[in-house]
Amino acid sequence: KMKSEFLSIASHQLRTPLTAIRGLLAMQADGDLDKLPKKQQKKEQQHMLDSANRLSNIVNDLLDAMELEGGNLNFKFKKVNLVQMITEISKELKPNYDKKGITFKLNVSKDFPNIESEPKMFREALENVIDNAEKYTNKGGVIVTLSSNNKNVTIKVKDTGIGIPKSDRKRLFGKFSRGEKSTYQHTDGSGLGLFIVKNVITEHHGTIKL
(Lines give C-alpha, C1' and ligand atoms only; values in the text may rest on other atoms or scores of the structure.)
Protein backbone atom coordinates (compact mmCIF):
# COMPACT_ATOMS: atom_id res chain seq x y z
CA LYS A 1 0.00 0.00 0.00
CA MET A 2 2.86 2.38 0.86
CA LYS A 3 4.53 1.60 -2.46
CA SER A 4 1.27 2.30 -4.29
CA GLU A 5 0.83 5.63 -2.46
CA PHE A 6 4.44 6.60 -3.19
CA LEU A 7 4.05 5.85 -6.90
CA SER A 8 0.80 7.83 -6.98
CA ILE A 9 2.46 10.86 -5.35
CA ALA A 10 5.62 10.55 -7.43
CA SER A 11 3.72 10.25 -10.71
CA HIS A 12 1.50 13.25 -9.99
CA GLN A 13 3.36 15.57 -7.61
CA LEU A 14 6.73 15.25 -9.34
CA ARG A 15 5.59 14.82 -12.93
CA THR A 16 3.15 17.75 -12.94
CA PRO A 17 5.64 20.54 -12.09
CA LEU A 18 8.32 18.93 -14.27
CA THR A 19 5.93 18.89 -17.22
CA ALA A 20 5.05 22.54 -16.67
CA ILE A 21 8.69 23.62 -16.42
CA ARG A 22 9.69 21.60 -19.48
CA GLY A 23 6.81 22.98 -21.55
CA LEU A 24 7.53 26.59 -20.65
CA LEU A 25 11.26 26.21 -21.26
CA ALA A 26 10.48 24.68 -24.66
CA MET A 27 8.33 27.72 -25.48
CA GLN A 28 11.18 29.98 -24.43
CA ALA A 29 13.76 28.04 -26.47
CA ASP A 30 11.55 28.17 -29.58
CA GLY A 31 10.97 31.89 -29.16
CA ASP A 32 7.22 31.45 -28.68
CA LEU A 33 7.31 32.97 -25.21
CA ASP A 34 8.72 36.23 -26.59
CA LYS A 35 5.73 36.53 -28.94
CA LEU A 36 3.29 36.72 -26.05
CA PRO A 37 2.18 40.05 -24.53
CA LYS A 38 4.45 41.21 -21.71
CA LYS A 39 1.77 40.58 -19.08
CA GLN A 40 1.28 37.00 -20.31
CA GLN A 41 5.06 36.45 -20.40
CA LYS A 42 5.29 37.48 -16.73
CA LYS A 43 2.41 35.16 -15.87
CA GLU A 44 4.06 32.18 -17.61
CA GLN A 45 7.43 32.93 -16.00
CA GLN A 46 5.76 33.06 -12.56
CA HIS A 47 4.09 29.73 -13.35
CA MET A 48 7.51 28.27 -14.14
CA LEU A 49 8.95 29.61 -10.86
CA ASP A 50 5.99 28.28 -8.86
CA SER A 51 6.42 24.85 -10.45
CA ALA A 52 10.15 24.84 -9.66
CA ASN A 53 9.45 25.81 -6.03
CA ARG A 54 6.82 23.10 -5.75
CA LEU A 55 9.26 20.53 -7.12
CA SER A 56 11.98 21.73 -4.73
CA ASN A 57 9.64 21.45 -1.73
CA ILE A 58 8.67 17.87 -2.61
CA VAL A 59 12.31 16.81 -3.11
CA ASN A 60 13.27 18.44 0.21
CA ASP A 61 10.46 16.56 1.95
CA LEU A 62 11.70 13.28 0.47
CA LEU A 63 15.27 13.95 1.59
CA ASP A 64 14.23 15.07 5.10
CA ALA A 65 12.02 12.00 5.50
CA MET A 66 14.81 9.62 4.49
CA GLU A 67 17.36 11.31 6.75
CA LEU A 68 15.01 11.37 9.73
CA GLU A 69 14.06 7.73 9.28
CA GLY A 70 17.72 6.74 8.95
CA GLY A 71 18.78 8.80 11.97
CA ASN A 72 21.22 10.74 9.81
CA LEU A 73 20.26 14.25 10.91
CA ASN A 74 22.51 15.69 13.59
CA PHE A 75 20.23 17.62 15.93
CA LYS A 76 22.04 20.46 17.72
CA PHE A 77 19.85 21.66 20.56
CA LYS A 78 19.96 25.13 22.07
CA LYS A 79 17.68 27.49 23.95
CA VAL A 80 15.07 29.13 21.75
CA ASN A 81 12.26 31.60 22.32
CA LEU A 82 9.20 29.66 21.16
CA VAL A 83 6.88 32.69 21.35
CA GLN A 84 9.19 34.65 19.07
CA MET A 85 9.52 31.67 16.69
CA ILE A 86 5.74 31.28 16.28
CA THR A 87 5.28 35.05 15.95
CA GLU A 88 7.80 35.08 13.08
CA ILE A 89 6.06 32.12 11.43
CA SER A 90 2.68 33.87 11.68
CA LYS A 91 4.12 36.99 10.02
CA GLU A 92 5.49 34.91 7.15
CA LEU A 93 2.17 33.14 6.64
CA LYS A 94 0.01 36.25 7.20
CA PRO A 95 -0.47 36.99 3.46
CA ASN A 96 -2.02 33.54 2.99
CA TYR A 97 -4.36 34.09 5.94
CA ASP A 98 -5.27 37.60 4.78
CA LYS A 99 -5.99 36.39 1.25
CA LYS A 100 -8.63 33.98 2.58
CA GLY A 101 -9.96 36.41 5.18
CA ILE A 102 -9.25 34.10 8.11
CA THR A 103 -7.69 35.06 11.45
CA PHE A 104 -4.62 33.93 13.38
CA LYS A 105 -4.34 34.30 17.15
CA LEU A 106 -1.56 33.34 19.57
CA ASN A 107 -2.38 32.77 23.25
CA VAL A 108 0.53 32.43 25.66
CA SER A 109 0.45 31.59 29.36
CA LYS A 110 2.34 33.87 31.75
CA ASP A 111 6.07 33.32 32.26
CA PHE A 112 6.31 30.95 29.31
CA PRO A 113 9.89 29.55 29.31
CA ASN A 114 12.43 29.22 26.54
CA ILE A 115 12.87 25.64 25.38
CA GLU A 116 15.69 23.39 24.21
CA SER A 117 15.28 22.63 20.52
CA GLU A 118 16.99 22.17 17.19
CA PRO A 119 15.90 25.58 15.83
CA LYS A 120 15.79 24.85 12.09
CA MET A 121 13.95 21.51 12.20
CA PHE A 122 11.60 22.53 15.03
CA ARG A 123 10.66 25.73 13.21
CA GLU A 124 9.98 23.77 10.02
CA ALA A 125 7.76 21.35 11.96
CA LEU A 126 5.75 24.19 13.56
CA GLU A 127 5.47 26.04 10.25
CA ASN A 128 4.17 22.88 8.59
CA VAL A 129 1.39 22.47 11.16
CA ILE A 130 0.38 26.14 11.18
CA ASP A 131 0.51 26.29 7.39
CA ASN A 132 -1.69 23.18 7.17
CA ALA A 133 -4.19 24.80 9.52
CA GLU A 134 -4.56 27.67 7.05
CA LYS A 135 -4.64 25.48 3.94
CA TYR A 136 -7.58 23.44 5.19
CA THR A 137 -9.53 26.34 6.71
CA ASN A 138 -11.83 28.37 4.48
CA LYS A 139 -13.52 30.55 7.09
CA GLY A 140 -12.99 31.43 10.73
CA GLY A 141 -9.38 31.11 11.80
CA VAL A 142 -6.57 29.43 13.68
CA ILE A 143 -5.64 29.71 17.35
CA VAL A 144 -2.25 28.60 18.69
CA THR A 145 -2.08 28.24 22.48
CA LEU A 146 1.16 27.84 24.45
CA SER A 147 1.12 26.58 28.02
CA SER A 148 3.66 25.04 30.38
CA ASN A 149 4.19 23.31 33.70
CA ASN A 150 7.41 22.50 35.53
CA LYS A 151 8.41 19.74 33.09
CA ASN A 152 6.72 20.21 29.74
CA VAL A 153 5.37 22.74 27.29
CA THR A 154 2.22 22.21 25.25
CA ILE A 155 1.54 23.69 21.83
CA LYS A 156 -2.10 23.44 20.80
CA VAL A 157 -3.19 24.34 17.27
CA LYS A 158 -6.94 24.68 16.78
CA ASP A 159 -8.68 25.64 13.53
CA THR A 160 -12.17 25.89 12.08
CA GLY A 161 -11.25 23.89 8.99
CA ILE A 162 -12.63 20.87 7.19
CA GLY A 163 -11.64 18.41 9.93
CA ILE A 164 -10.11 14.93 9.72
CA PRO A 165 -12.39 11.88 9.36
CA LYS A 166 -11.88 9.09 11.89
CA SER A 167 -10.98 6.73 9.04
CA ASP A 168 -7.90 8.87 8.24
CA ARG A 169 -6.61 9.41 11.77
CA LYS A 170 -4.70 6.16 12.24
CA ARG A 171 -2.47 6.82 9.25
CA LEU A 172 -2.29 10.60 9.61
CA PHE A 173 1.41 10.66 10.57
CA GLY A 174 2.50 7.90 8.18
CA LYS A 175 4.61 8.25 5.07
CA PHE A 176 2.88 9.12 1.80
CA SER A 177 -0.55 9.23 3.39
CA ARG A 178 -3.07 11.99 2.74
CA GLY A 179 -6.58 12.31 4.07
CA GLU A 180 -9.51 11.84 1.72
CA LYS A 181 -10.71 15.42 2.24
CA SER A 182 -7.22 16.90 1.84
CA THR A 183 -6.93 15.52 -1.69
CA TYR A 184 -9.72 17.84 -2.80
CA GLN A 185 -8.85 20.85 -0.63
CA HIS A 186 -5.12 21.05 -1.28
CA THR A 187 -3.65 18.99 -4.11
CA ASP A 188 0.05 19.91 -3.87
CA GLY A 189 1.08 18.03 -0.72
CA SER A 190 3.80 15.41 -0.75
CA GLY A 191 2.17 13.16 1.84
CA LEU A 192 5.31 13.50 3.96
CA GLY A 193 4.75 16.71 5.91
CA LEU A 194 3.16 15.24 9.05
CA PHE A 195 5.48 12.23 8.95
CA ILE A 196 8.41 14.67 9.16
CA VAL A 197 6.66 16.70 11.88
CA LYS A 198 6.09 13.59 14.01
CA ASN A 199 9.72 12.50 13.73
CA VAL A 200 11.02 15.97 14.60
CA ILE A 201 8.75 16.15 17.65
CA THR A 202 9.86 12.65 18.70
CA GLU A 203 13.50 13.74 18.46
CA HIS A 204 12.55 16.52 20.91
CA HIS A 205 11.19 13.88 23.34
CA GLY A 206 7.66 15.04 22.65
CA THR A 207 4.46 13.66 21.20
CA ILE A 208 1.98 14.94 18.63
CA LYS A 209 -1.65 13.88 18.51
CA LEU A 210 -5.15 14.98 17.55
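The values are calculated or read from the model by the stated rules, or taken from the named source; none is laboratory data. Here the structure is a predicted model, which is why all the values come from computation and not from measurement. Here Cβ is always computed from backbone atoms with ideal geometry, including for glycine, and neighbour counts include all displayed protein chains. Calculation scope for accessible area: heavy atoms of the full protein, side chains included, ligands and nucleic acids excluded. Shrake-Rupley method; radii C 1.70, N 1.55, O 1.52, S 1.80 Å.
Things to note:
- Boolean, LYS105 is out of contact with any strand residue (DSSP E or B) (no Cβ under 6 Å at 6 or more places or on another chain), among the basic types (Lys, Arg) and over 19 Å from GLY163 (Cβ atoms): no
- Filter pass, LEU93 being closer than 18 Å to HIS205 by Cα and either open to solvent by less than 50 Å² (accessible area, probe 1.4 Å) or of a type in the set (Ser, Thr, Tyr) (or both): no
- Residue list for region 161-176, restricted to those being among the β-branched types (Val, Ile, Thr) and surrounded by fewer than 16 Cβ atoms within 10 Å (Cβ to Cβ): ILE164
Yes/no matrix, rows are residues, columns are (1) open to solvent by 50 Å² or more (accessible area, probe 1.4 Å); (2) more than 29 Å from LYS139 (Cα to Cα); (3) within 17 Å of the chain's Cα centre (by Cα); (4) of a type in the set (A, V, I, L, M, F, W, C):
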site: GLN41; (1), (2), (3), (4): no, yes, no, no
site: ASP50; (1), (2), (3), (4): yes, no, yes, no
site: SER56; (1), (2), (3), (4): yes, yes, yes, no
site: VAL59; (1), (2), (3), (4): yes, yes, yes, yes
site: ALA65; (1), (2), (3), (4): no, yes, yes, yes
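- Near pairs, Cβ below 8 angstrom, 6+ apart or cross-chain, from region 149-178 (under 22 Å from HIS205 (Cα atoms)) to any residue that is basic (Lys, Arg) and open to solvent by 50 Å² or more (accessible area, probe 1.4 Å): PHE173/LYS198
- Answer residue from region 86-107, given it is among the aliphatic types (A, V, I, L, M) and within 16 Å of the chain's Cα centre (by Cα) and is nearest to ALA133 (Cα to Cα) among those: LEU93
- Taken over region 67-87, residues that are among the acidic types (Asp, Glu) and either free of Cβ contacts under 8 Å to residues at least 12 places away in the same chain or open to solvent by less than 50 Å² (accessible area, probe 1.4 Å) (or both) amount to 1.
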